[in-house]
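Undergrad: Have a look at this one before I ask anything.
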Amino acid sequence: MRYLPVLTIAGSDCSGGAGIQADMKTMSALGCYAASVVTAVTVQNTVGVSGVDLVRSETVAAQIRAVMDDIRPVAVKIGMAGDAATMCAIAGALKAYEPKAVVVDPVMVSTSGHVLMPPDAIDAFRRYLVPLATLLTPNVPEAEVLSGLTVSDEASCHAAGLVIARDSRCPVLIKGGHFGGQDKVDRLYAADGRLAEAYATEAVCTSNTHGTGCTLSSAIACFIARGLPLADAVRQAKAYVTEALKAGSGVEIGQGHGPVNHFFNPEKMLKV
């Protein structure tokens, strides 16, 4: 008997709302054992990001090997990966272990507009991290970068999903949080670009949205680790994020975009 381990590879958020801290809260709340590999230390709070220090790529790779050799995570979430050298190191280290699933969240720009993936690293992202992915989870601005298309409505979202899925040869979940309207719709595209499922939820009226993308991708990794098929894992993860948004909507912490309430209904640690 052992706990169900899931690994996050991401940057650290000292304010606790996003990045590796949000990932570990999510994994813990969903009953998984959270292991972590830190790729960067960010200087940020609820107002914005003011600095980023990257961890040496050799140290990132060494962290991955240490965790995979010993803890053997079932699934992996990759968030902020930093520069091209770090992406290469992540790919080289992970390839030897073949985890059940790798959810890649292409963290390119923070909610406050801070660039977290320099333009010269985007080609490295495509070369090193995309081939590892079981699922890509871009938001609308990230989908525009990856597809080269403007995404402004359902039709253009379908066009971008087709391009990204066919280029990456893996399923793509384009998150709909940047679209206006009463409903927020996330769209899952199969590896051939076909729309597999659309997940619509009523928008939650709150400014506490810091770390929602990190939370969603981590939740998907957890539900895949727990044995759910991809479409069901996405559905359950989106429901978790929606409830976390609702539970944290009336709470004030910080002066900007506060975090969601990850622990609105925590599960006991799962054993397998």
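The values are calculated or read from the model by the stated rules, or taken from the named source; none is laboratory data. Predicted model, so just to flag it, every value in this text is computed and none were measured. Positions of Cβ are generated from backbone atoms using ideal geometry, with glycine treated the same way; all protein chains shown enter the neighbour counts. Just so you know, the surface numbers come from the protein's heavy atoms only, side chains and all, with ligands and any DNA or RNA stripped out. Shrake-Rupley method; radii C 1.70, N 1.55, O 1.52, S 1.80 Å.
Undergrad: Rounded to the nearest 20 debye, what is the charge dipole size of the stretch 153-272 about its Cα centre when +1 sits on each Lys and Arg Cβ and -1 on each Asp and Glu Cβ?
TA: I would put it at about 400 debye.
Undergrad: Please pull out the direction-averaged projected area of the stretch 1-154, using the convex hull of its alpha-carbon atoms, in nm² to one decimal place.
TA: If you wrap the Cα atoms of the stretch 1-154 in a convex hull and average its projections, you get 9.6 nm².
Undergrad: To the nearest 20 debye, what is the magnitude of the charge dipole of the stretch 71-189 about its Cα centre, counting +1 on the Cβ of each Lys and Arg and -1 on the Cβ of each Asp and Glu? Mind dumping the intermediate values first?
TA: Working: 11 positive and 12 negative charges, 103 e Å.
With Lys and Arg at +1 and Asp and Glu at -1, about 500 debye.
Undergrad: Now for a separate question. Where the centre of each part is set by its Cα atoms, how far does the stretch 54-76 sit from the stretch 153-176, in angstrom?
TA: Cα centroid of the stretch 54-76 versus Cα centroid of the stretch 153-176: 30 Å apart.
Undergrad: Further question: On average, how much accessible surface per residue is there in the stretch 109-251, in Å², for a 1.4 Å probe, leaving out ligands, DNA and RNA? Please report the intermediate quantities before stating the final value.
TA: Details: 6170 Å² over 143 residues.
Heavy-atom SASA per residue in the stretch 109-251 reads 43 Å².
Undergrad: Ok, one more. Would you kindly compute the Cα radius of gyration of the chain and its largest Cα-Cα separation (Dmax), both in Å?
TA: Calculated on Cα positions, Rg and Dmax stand at 16.9, 49 Å.
Undergrad: Which number comes out as Rg/Rh for the stretch 80-217 once both Rg and the Kirkwood Rh are worked out on C-alpha atoms?
TA: The Rg/Rh ratio comes out at 0.96.
Undergrad: Below 17 Å, Cα to Cα, which aspartates and glutamates can residue 238 reach? Residues fewer than 8 away in the same chain don't count.
TA: Within the straight-line limit of under 17 Å, residue 238 reaches these aspartates and glutamates: 23, 105, 183, 186, 197, 202, 267.
Undergrad: Round to the nearest 0.05 the FRET efficiency obtained for residue 123 and residue 265 when R0 = 51 Å and r is the Cβ-Cβ distance.
TA: According to the calculation, E is roughly 0.75.
Undergrad: Given the peptides 144-154, 7-17, arrange them by the average over their residues of other C-beta atoms within 10 Å, most packed first. All intermediate terms of the calculation are to be shown ahead of the outcome.
TA: Working: 144-154: 16.3, 7-17: 24.8.
Taking the mean over residues of other Cβ atoms within 10 Å, the ranking is 7-17, 144-154.
Undergrad: On to the next question. Quick check: net charge around residue 174, other residues with Cβ under 13 Å of its Cβ, Lys/Arg +1 and Asp/Glu -1?
TA: -3
Undergrad: So, one more: Counting Lys +1, Arg +1, Asp -1, Glu -1, what net charge surrounds residue 196 among other residues with beta carbon under 12 Å of its beta carbon?
TA: -1
Undergrad: Same structure again: Could the peptides 43-49, 56-62, 28-34 be put in order, highest first, of the mean number of other beta-carbon atoms found within 10 Å of their residues? Mind dumping the intermediate values first?
TA: Values: 43-49: 18.3, 56-62: 16.6, 28-34: 21.9.
Descending mean neighbour count gives 28-34, 43-49, 56-62.
Undergrad: Probe radius 1.4 Å, ligands and nucleic acids left out: which of 246, 268 has the largest accessible area, and how do the rest follow?
TA: On the way: 246 105, 268 175 Å².
In descending accessible area the options line up as 268, 246.
Undergrad: I would also like to ask the following. Check every DSSP H run in the chain and write down those whose alpha carbon atoms cover 18 angstrom or more along the long axis and whose mean Kyte-Doolittle hydropathy is -0.5 or greater. Don't jump to the answer; show the numbers that get you there.
TA: Working: long enough: 57-70 (20 Å, 0.01); 154-168 (21 Å, 0.37); 212-225 (20 Å, 1.61); 230-248 (27 Å, 0.08).
Span-like helices, by this rule, are 57-70, 154-168, 212-225, 230-248.
Undergrad: Give me the number: length gained by fully extending residue 97 to residue 191, i.e. 0.36 nm times residue separation minus the C-alpha to C-alpha distance, one decimal in nm.
TA: Extra length from residue 97 to residue 191 when fully extended: 31.6 nm.
Undergrad: Over the stretch 1-64, average the accessible area per residue using a 1.4 Å probe and give it in Å², no decimals.
TA: About 36 Å² of surface per residue is accessible.
Undergrad: For the chain, with only Lys/Arg (+1) and Asp/Glu (-1) charged at the beta-carbon, what is the dipole magnitude about the Cα centre, in debye rounded to 20?
TA: 760 debye
Undergrad: Please report, in Å, the Rg and the Dmax of the stretch 156-272, where both are computed over Cα atoms only.
TA: 15.2, 43
Undergrad: Could I ask something else about it? What's the FRET efficiency of residue 252 with residue 200 using the Cβ-Cβ distance as r and R₀ = 30 Å, to the nearest 0.05?
TA: Computed FRET efficiency for residue 252 and residue 200 comes out at 0.55.
Undergrad: Roughly how many whole Å is it from the C-alpha centroid of the stretch 1-48 to that of the stretch 220-239?
TA: With the stretch 1-48 and the stretch 220-239 each reduced to a Cα centre, they are spaced 18 Å.
Undergrad: If you roll a 1.4 angstrom probe over the protein chains with everything in place, what fraction of the accessible area of the chain belongs to carbon and sulfur, to the nearest %? Numbers along the way, then the final one.
TA: Working: 6210 of 11770 Å².
The nonpolar share, carbon plus sulfur, comes to 53 percent.
Undergrad: Accessible area of residue 186, 1.4 Å probe, to the nearest 10 Å²?
TA: About 10 Å², ignoring ligands and nucleic acids.
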